[in-house]
1. Give me a comma-separated list of calculated 3J(HN,Hα) values for segment 216-225, in order, Karplus coefficients 6.51, -1.76, 1.60 applied at θ = phi - 60°, integers in Hz, x for any Gly or Pro.
2. Filter Lys85/Lys146; Lys63/Lys143; Lys76/Lys141; Lys85/Lys245; Lys141/Lys240 down to the pairs with a C-alpha to C-alpha distance above 28 Å, please.
3. Using the Karplus equation 6.51 cos²θ - 1.76 cosθ + 1.60 (θ = phi - 60°), what ³J(HN,Hα) coupling, rounded to whole Hz, does each residue of segment 25-39 give in order, writing x for Gly and Pro?
4. Using mean Cβ contacts within 10 Å as the protection proxy, how do 15-23, 27-35 order, highest first?
5. Please list the non-local residues whose amide H lies under 5 Å from the amide H of Val29, H modeled 1.01 Å from N, same-chain partners needing a gap of 5 or more.
6. What does the highest-first list of 172-178, 191-197 look like by mean Cβ count within 10 Å?
7. Over segment 36-85, what per residue volume does the convex hull of the Cα atoms give, in whole Å³?
8. Ranked by accessible surface with a 1.4 Å probe, highest first, in what order do Thr42, Thr150 come?
Amino acid sequence: MFYSYSANQFAILLSVVIFCIVAYLLGSVSFAIIFTKKFMHTDIREHGSGNAGMTNVMRTAGKLPGILTFVCDFLKGTVAVLLAKFLYMPLANWLFSIGVRNMVLTGYVITDPDVVLNQDLVGFIVAIFCLLGHMYPIYFKFKGGKGVATLVGAGAAFSPFTALFAFIIFGLVLLMSEYVSLASIVAVASAVPLSYIFFDSEGTYLWFSDYQVWVAVICTAIMAGLVIARHHENIGRLIKGTERKISDKKRKKG
């Protein structure tokens, strides 16, 4: 039984590590850079705010590249989480089956909830790695975007209502303030309580028992903290009153 348990844990750990690597590599695909090179033959990081994100792309390259950037950044967060949630256990079982043949162990399928990490917990871990990939992309010298769309996309994989209400909050704050950065910060921060309000999960977490909702809140708070930290320059300009509004360009033209 000792050997079977060890093989279980190794297969589970290896499966989680593989999906974390996949999520980071997927997150590292910077669509802001790809689309600006496609439409303008230039690097978005050399223009405007220097950020590889939707707002800078839209201001620099136009609405279409900006919208495409947002949609793709959103989807990579969703895809990374869904891949982990639905394929984590099949991969762990496959890895275990290889170990069974190699170690000449008796057959065993990883289904015991006391042994297995809940798929939602794995999804949250993977979401963090996808977000880190977006912010620090290995393909683009570790200089990426701020992660708003990717975070919301990952959140949508857990709870569409969380993503929907975050969008609504973003739109309301943007409408009232005209600051994209402020709207982004407030929307991301709101995802933390929203993840509690709209929490929905099946199964149990290995170490958290009936407190799995707090796992969702804590992991969402970690990701929100990372995104807000990436907005430190925007926060400084908001405090000084020098942050650019979405209407500034129109006023200059007028």
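1. Result, rounded to whole Hz: 4, 5, 5, 5, 5, 5, 4, 5, 4, x.
2. Lys85/Lys245; Lys141/Lys240
3. Result, ordered by residue: 5, 5, x, 6, 6, 8, 6, 4, 5, 4, 6, 6, 5, 6, 8 Hz.
4. Details: 15-23: 19.4, 27-35: 23.8.
Taking the mean over residues of other Cβ atoms within 10 Å, the ranking is 27-35, 15-23.
5. Residues meeting the amide H criterion: none.
6. Working: 172-178: 14.4, 191-197: 18.6.
Result, highest mean first: 191-197, 172-178.
7. Numbers: hull volume 3.6 nm³, N = 50.
Hull volume over Cα atoms, normalised by residue count, gives 71 Å³.
8. On the way: Thr42 30, Thr150 0 Å².
In descending accessible area the options line up as Thr42, Thr150.
The values are calculated or read from the model by the stated rules, or taken from the named source; none is laboratory data. Bear in mind that the values here come from a model prediction, so they are computed numbers and not experimental data. No Cβ is skipped: glycine too gets one built from the backbone with ideal geometry, and neighbour counts run over all protein chains shown. For accessibility, only protein heavy atoms count, side chains too; no ligands or nucleic acids. Shrake-Rupley method; radii C 1.70, N 1.55, O 1.52, S 1.80 Å.
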